Structures are given as structure tokens and as C-alpha cells.
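*Asks:* Can you keep this structure in mind? I'll have questions shortly.
The values are calculated or read from the model by the stated rules, or taken from the named source; none is laboratory data. Worth saying up front: this structure is predicted, and the values here are computed from it rather than measured. Here the Cβ positions follow ideal geometry from the backbone for every residue, glycine too, while neighbour counts run over all protein chains shown.
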């Protein structure tokens, strides 16, 4: 008696599935994502998704990683910030990146992933991990500029909280002029504090 074996999914297909999942989420909330809903939209079997991702949590992790492509803390750590001007130039570049329409969508997914992590803390951790890496990256940059370590950690977390709040404002309200005015004001205050902390540490 012949036994028919199911053909295994192509292991090289995973990146394409992740990209299709990102496209699926362009006009849908991340919370609506399930193996069943995605399989139906992509016209594939749920087995295919389980084969490639194992669990919904892993699928979301892969989507968040792909969504952050090009702007992860690891990649940003290679950017030069040897002077105060370099440091603030990198902040302005980050704001310019945020304004691009495709990146507003990316930012919306990141916020959604963070909210899911607040509920599913044991299953999902990647957004929290990225946030802490950004805080650490900023703190190390400030220490390199001459800010005392404890102060640098507080200032970096304050900056990340402020920057994410402004990004959230832009994603939610789509008012670039208003959000940019807040960003410019926040950066001026941040620069004033950083320069004062550098002087304080040198005394």
C-alpha cells in the first residue's frame, strides 16, 4: 500500500512570507494577526506558517525584526558620534527617517508590538529588547562625549521616551508641522542639558 507523504515547505520561502505578512499588516492591526488569518490572506496552509515560524509569538518576532530592518540598534551603533554636533546630527537624521510614509507604517507596527508585549510579557520581548538597546546606545554615546555614566543613562532614557512620544504623536495625528516643532524644542532642551552635563563632569 502506497503512503503519500506531504511535501515539506521550501525552507528558503521564509523571507518572502515575512514580507507578505508586512504587506498584510499595512491596513490591519498587529493584534489581528493569527496563523489562520494570514494563511487565508496569503492563500497558503496554516501548516506552512507553523513549519516556518512554529508559534504566533515567533511570527511576530520575525515581523518586528524585519520591520526594523536598517534601523536596529546594532546597525545604528556603527554611526559616528565623536562630537556633540555628530550626536545631534544623528538625532535629526532619525527624525527625517520617521517622516517617510513607509516608516510611519513601520513605527505604527512597532508601537502595536510594544502594546502586545505589555500583555504577553513572557511570550513577546523583542520590542522591549530593542528599546533597552537604544537606551544603552544613547547612554554610551553620551559617556563618550564626556557625560558621567549615571547621568548619561537617565538622559538617554528621557530622550528615548520623548522621541517615542513625538513619533506616536506623528503616527496618530499625522501633523508633521506640529510634531516637528515639538521635536525641535525637545532637541534644543536636550542639547542644553548635555552640554551642561559635559561641563559638570569636567570640573
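*Asks:* Could you tell me whether the stretch 102-114 includes any residue that is modelled with pLDDT of 85 or more and out of contact with any helix residue (DSSP H, G or I) (no Cβ under 8 Å at 6 or more places or on another chain)?
*Replies:* No, that holds for no residue.
*Asks:* While we're on this one: With a cut-off of at least 2 residues that are at pLDDT 90 or above, name the helices (runs of 4 or more DSSP H) lying wholly within the stretch 1-92.
*Replies:* On the way: elements: 14-24, 35-42, 46-53, 56-67, 73-76.
The helices (runs of 4 or more DSSP H) meeting that bar are 14-24, 35-42, 46-53.
*Asks:* Let me ask you something else. Determine if the stretch 166-182 includes at least one residue that is outside any helix (DSSP H, G or I) and under 30 Å from residue 26 (Cα atoms).
*Replies:* Pass one, the stretch 166-182, residues outside any helix (DSSP H, G or I): 174-175.
Pick out the ones that are also under 30 Å from residue 26 (Cα atoms) and you get 174-175.
Yes - at least one qualifying residue is present in the stretch 166-182.
*Asks:* Quick test for you: out of 140, 128, 193, pick the one residue that is within 18 Å of residue 84 (Cβ to Cβ), surrounded by 14 or more Cβ atoms within 10 Å (Cβ to Cβ) and modelled with pLDDT under 95.
*Replies:* Numbers: 128 fails: within 18 Å of residue 84 (Cβ to Cβ); 193 fails: modelled with pLDDT under 95.
Going through 140, 128, 193 in turn, just one is within 18 Å of residue 84 (Cβ to Cβ), surrounded by 14 or more Cβ atoms within 10 Å (Cβ to Cβ) and modelled with pLDDT under 95: 140.
*Asks:* Out of the residues in the stretch 93-115 that are over 14 Å from the mean Cα position of the chain (by Cα) and assigned to a helix (DSSP H, G or I), which is farthest from residue 25 (Cα to Cα)?
*Replies:* Step one: list which residues in the stretch 93-115 are over 14 Å from the mean Cα position of the chain (by Cα), which gives 93, 96, 99-101.
Filter once more, so that each one left must be assigned to a helix (DSSP H, G or I): 93, 96, 99, 101.
Numbers: 93: 26, 96: 23, 99: 19, 101: 15 Å.
Taking the candidates together, the pick is 93.
*Asks:* Please identify the pairs in which a residue from the stretch 182-196 that is under 15 Å from residue 161 (Cα atoms) has its Cβ atom under 6 Å from the Cβ atom of a residue that is modelled with pLDDT of 95 or more, counting only partners at least 6 apart or on another chain.
*Replies:* These pairs meet every condition: 182/166; 183/166; 186/162; 190/159.
*Asks:* Moving on to the next point. Answer with yes or no whether residue 115 is within 23 Å of residue 57 (Cα to Cα) and either in contact (Cβ under 8 Å) with a residue 24 or more places away in the chain or surrounded by fewer than 19 Cβ atoms within 10 Å (Cβ to Cβ) (or both). So that I can check it myself, show each step before the final result.
*Replies:* On the way: within 23 Å of residue 57 (Cα to Cα): yes; either in contact (Cβ under 8 Å) with a residue 24 or more places away in the chain or surrounded by fewer than 19 Cβ atoms within 10 Å (Cβ to Cβ) (or both): yes.
Judged against the criteria, residue 115 is a match.
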